[in-house]
Each structure stands twice: as C-alpha cells, then as structure tokens.
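Working notes for the structure below.
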Amino acid sequence: MGRGTVQMLLLLGLLHWGPGGEGRKSWRRRGQQQQQPPAAAPRERSEAAGQPVESFPLDFTAVEGNMDSFMAQIKSLAQSLYPCSAQNLHQELRLHLLLNSSVTCNDGSPAGYYLKESKGSRRWLLFLEGGWYCFNRENCNTRYETMRKLMSSKEWPVTKTGTGILSSQPEENPHWWNANMVFIPYCSSDVWCGASAKTEKNEYAFMGSLIIQEVVKELVGKGLGNAKVLLLAGSSAGGTGVLLNVDRVAEQLEEMGYPGIQVRGLADSGWFLDNKQYRRTDCIDSITCAPTEAIRRGLRYWNGIIPERCRMQFKEGEEWNCFFGYKIYPTLRSPVFVVQWLFDEAQLTVDNVHLTGQPVQEGQWLYIQNLGRELRNTLKDVTASFAPACLSHEIITRTHWTDIQVKGTSLPRALHCWDRSLHDSNKNGKAPLKGCPIHLIDSCPWPHCNPSCPTIQDQYTGQEMNVIQFLMHMGFDVQKMAQQQGLEPSKLLGMLSSGS
C-alpha cells in the first residue's frame with residue numbers, strides 16, 4: 001500500500017460513517033473494539049461487475065480544529081490518488097424544467113431549477129435568486145424588454161456554476177460544499193409570492209410561490225425525501241422570498257409525509273425597512289417607488305400569497321407589512337439566519353439616496369447614518385444574524401463571502417455555529433456553544449467602517465479606495481465628525497482604519 005493511500009486512510013479515520021452517510025465524530029473508549037465490516041460488501045461486488053457505484057461525499061461539519069488545512073489535505077490527496085473522482089468537485093448545476101408545465105415564468109415559459117446532486121449527503125440547499133420586481137403592466141413591459149432572463153426561461157443555459165455558498169469547492173464553501181445544491185432562477189417578478197397564471201386577461205403570470213412548491217415536490221423524488229436538513233436560502237428579493245416561504249415549505253413537507261426534515265431559512269439582503277424616503281418621488285417605476293407603495297400595488301397585481309400567521313397580525317389591505325423582515329420574523333416558526341448589510345445599496349436606492357461619486361450633502365450623510373441605526377435596532381431580537389457596517393448588496397453567492405467578518409467571525413463560521421446550535425438544541429436543549437457566536441452586528445456608525453468590507457472602486461477612475469479615502473470621497477468632514485464624537489481627528493482616523 002502506497003504512502004499516499006495510508007495518509008488518506010488516516011485522515012478518513014477521523015470520521016465515522018453513520019447510516020445516512022453523514023460524517024460524524026466517532027469517539028471510542030480505550031480498549032473498545034471496532035466492528036469489522038463484512039468480508040464481501042455489496043459495493044465491492046458491484047465494482048467487480050463493472051456497474052456504477054454510488055458515491056458518498058464527506059461532510060466536514062463534524063470536524064474540529066483547523067478545518068481549512070484538513071480539507072486542503074483531503075482534496076490534494078483525492079486529486080493525486082483519484083484524478084477522475086476529483087472532477088466531481090467541479091460538477092456544475094444542471095437545468096431541469098418543471099414537469100408541471102402549468103407552473104410558469106412571467107411569459108408562460110416553463111419555470112425550472114438547477115440541480116447538483118450529492119449522493120449520500122442528507123443536506124439540501126435551495127437558493128432563491130433575486131432581482132427586484134414589477135407591479136403593473138407598464139413597468140413589467142419595460143422589465144421584459146431590458147431584463148428578459150428574469151421573466152422567461154427561453155434563454156437559460158443548460159448548466160450553471162455554483163459560487164459562494166453554492167460552490168462545490170471546500171476553500172470557497174467550507175461547510176456546505178458537499179450538500180445537494182439547487183438554484184431556482186427568479187422569473188416571476190413577484191418577490192416569490194405570486195399565484196396568478198397567465199390568461200387572456202392577464203398578460204403575465206406571477207407564480208413565484210407555486211414555483212417553490214413545485215420544485216420541492218419534484219425534488220422529493222430525487223432524494224429530498226431522505227433529507228435531514230433543508231436550508232431555504234435567497235438573496236435580495238430571494239431573501240425576502242425566504243421569509244415569505246420558509247414556513248410554507250416546512251408545512252408542505254409535513255403534509256407530504258416528511259415531518260422529520262428540519263427546514264431552515266437563510267435570508268441575505270432581503271431585510272428591508274419601510275422607512276421614510278430621503279426624497280419622496282411619485283410611484284413611477286420599481287426603482288424610485290417607495291417599497292410600501294410598490295408592494296401594496298404588487299400584491300393585488302400578483303395575487304400574492306401571504307403567510308397566514310403574519311397576515312392575521314394586520315387588518316385587511318395592510319398585508320404588505322409582511323414583506324418587511326422585522327414584521328414577519330416574530331411570526332415565523334422555522335429558524336432563520338438573517339444576513340444584512342447595515343448600509344444596503346438597494347435600500348438606499350429605493351430611499352432615493354444616490355451616491356453618484358459627488359460629495360454627499362449633510363442631510364444625506366445624516367440619513368445614511370440613521371439608516372444604519374434603524375436597521376441595527378430591527379435586528380436586536382433576531383437570534384441568528386450577521387450585519388456588517390458596509391455599503392453593498394448581496395453576499396452569500398459571492399466568491400469573497402468568506403472574507404467578510406464581524407467582530408472577528410466570518411459569515412461561513414457564523415452559519416456553522418448556527419448549524420451546531422440548532423443541532424445541539426434539538427438534541428439536548430443546550431445553549432449555543434461558547435466561542436461560537438451567531439448574533440453578530442457591527443457597532444461602528446459609518447459605511448465601510450468595518451475593514452473587511454468589500455472593496456469600493458471610484459466609479460470614474462476605477463481605483464480602489466480604503467475606508468478613509470471612501471469617506472473623504474463622500475465629503476466626510478474629519479474635523480467636524482471628530483468634534484461631534486469628542487475625539488482628536490487623528491484618533492478618529494485610527495479608529496476608522498482599525499474598524500473600532
């Protein structure tokens with residue numbers, strides 16, 4: 001036996017393979033005998049017969065210590081010993097159009113999903129794509145002309161490469177890389193809530209909520225029925241869609257006879273505020289219209305479905321409140337992890353704060369700071385949250401999502417801690433582990449005061465800016481701000497540079 005094979009076996013010896021194929025730590029007392037495998041395993045007979053053998057990717061969430069180093073060794077050995085198997089790490093998601101052709105995109109073309117199966121894993125990640133919305137025929141017509149792929153499946157590619165939390169690379173996706181991955185394209189323009197078919201009267205279909213239910217129904221026959229955990233994730237409008245649909249998915253699976261599947265939500269950049277706009281404008285399009293008014297109009301146009309527990313909190317005609325995270329969250333039964341930039345670019349856009357590269361006015365600057373405070377306040381009672389003080393939008397499918405930190409903890413690490421806390425609480429009612437935080441909200445008051453924020457580029461020169469350059473670029477007055485905080489200007493600049 002070669003040295004490389006011995007190393008591989010030693011590394012794999014850290015894991016114990018349970019009945020469901022999930023990786024678990026195995027601790028044996030000294031002197032305890034390990035049960036020997038049967039001499040003639042069916043797997044070996046099938047290999048000898050030349051038949052395809054079902055693989056079982058590793059689940060490293062149970063491994064403690066230096067996970068990055070451990071996974072790097074595993075991948076390196078796998079690629080050197082089994083070059084053909086290493087190709088599976090690069091497997092793309094493949095398009096499946098829904099078998100039920102009555103559930104469609106806006107233009108009547110069939111809705112669908114992209115799937116990358118991971119045989120043996122009992123974890124499933126379903127991701128809802130984002131991309132704004134339209135709420136009347138005029139702006140839906142405009143959307144169809146300018147953003148057709150968000151309203152039709154006719155030009156969708158056959159395969160798609162997963163990135164961020166959808167990546168199959170352990171370096172990019174430390175804790176979910178071997179899950180069954182599902183990407184559900186957004187083609188309903190209704191924040192994933194609609195239940196309206198295309199008819200002679202209705203030029204467009206709005207079936208976002210029905211698309212999710214139909215995808216879940218199909219996936220049950222592809223292995224989802226054996227799942228232990230289903231994580232419904234989404235970004236932007238998809239993030240709001242998670243809040244609107246996570247309990248419905250849990251109820252659907254229970255009604256289908258799968259009450260043991262743990263359904264959870266991960267809402268990225270979909271926790272919007274119904275605050276007063278910086279500058280009020282007429283409700284002409286989806287960008288400048290106040291979110292409250294746009295959603296109010298959209299709900300009627302989409303025939304939107306609102307979660308019953310939230311809908312009961314508001315009188316008739318006020319159901320639009322359920323599209324705002326801090327109002328629907330207290331009504332949810334499923335656990336949800338909220339990821340939200342404190343200075344979300346989409347929120348600033350609908351609030352009519354446009355950062356065009358020119359120095360901001362004092363009123364704008366105060367409005368931006370207050371936005372961060374308001375958002376921070378809405379998250380204080382959210383059990384699991386990750387809110388960096390950055391000016392950005394969306395994160396979990398970005399390749400750099402592992403780089404962002406809040407109080408020294410990265411987002412993948414926080415999600416891993418959340419997984420463990422849910423597992424432990426289901427198992428024995430323990431509180432979250434010490435040193436494994438799940439409630440992470442930046443306290444610094446300005447955009448990009450967190451030094452791990454994504455890099456900002458000057459839109460005219462293309463040059464990258466650090467936090468001080470960015471604030472200066474926006475017209476930040478160091479002397480005045482330092483005076484307001486009771487600090488020396490040099491100390492304030494030092495605090496900004498370090499993210500204090």
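The values are calculated or read from the model by the stated rules, or taken from the named source; none is laboratory data. Everything numeric in this text was worked out from a predicted model, so none of it was measured. Using ideal geometry, Cβ is built from the backbone for each residue, glycine included, and neighbour counts are taken over all protein chains shown. Note: areas computed on protein heavy atoms with side chains; ligands, DNA, RNA excluded. Shrake-Rupley method; radii C 1.70, N 1.55, O 1.52, S 1.80 Å.
In the set GLU138, GLU145, only one residue is of a type outside the set (Gly, Ala, Ser) and at pLDDT below 95; that residue is GLU138.
Taking segment 323-362 as the range and being assigned to a helix (DSSP H, G or I) and more than 19 Å from SER235 (Cβ to Cβ) as the test, the residues that pass are LYS327, PRO330, THR331, GLU362.
When the residues of segment 92-107 are filtered to those that are of a type in the set (A, V, I, L, M) and part of a loop (DSSP other than H, G, I, E, B), the one that is nearest to ALA179 (Cα to Cα) is LEU98. Of everything in segment 335-350, what is among the polar types (S, T, N, Q) and buried (at least 19 other Cβ atoms within 10 Å of the Cβ)? Give them in sequence order. Listed by number, the residues that qualify are GLN340, GLN347. Of all residues in segment 373-392, those that are touching a residue at least 12 places away in the same chain (Cβ under 8 Å) and over 21 Å from the mean Cα position of the chain (by Cα) total 2.
For segment 277-320: of the residues being within 27 Å of CYS390 (Cβ to Cβ) and free of Cβ contacts under 8 Å to residues at least 60 places away in the same chain, which is surrounded by the fewest Cβ atoms within 10 Å (Cβ to Cβ)? By that ranking, first place goes to THR292.
Screening the candidates GLU155, GLU171 for the property of being without any contact (Cβ under 8 Å) to a residue 40 or more places away in the chain and either open to solvent by less than 10 Å² (accessible area, probe 1.4 Å) or in a loop (DSSP other than H, G, I, E, B) (or both) yields one hit, GLU155.
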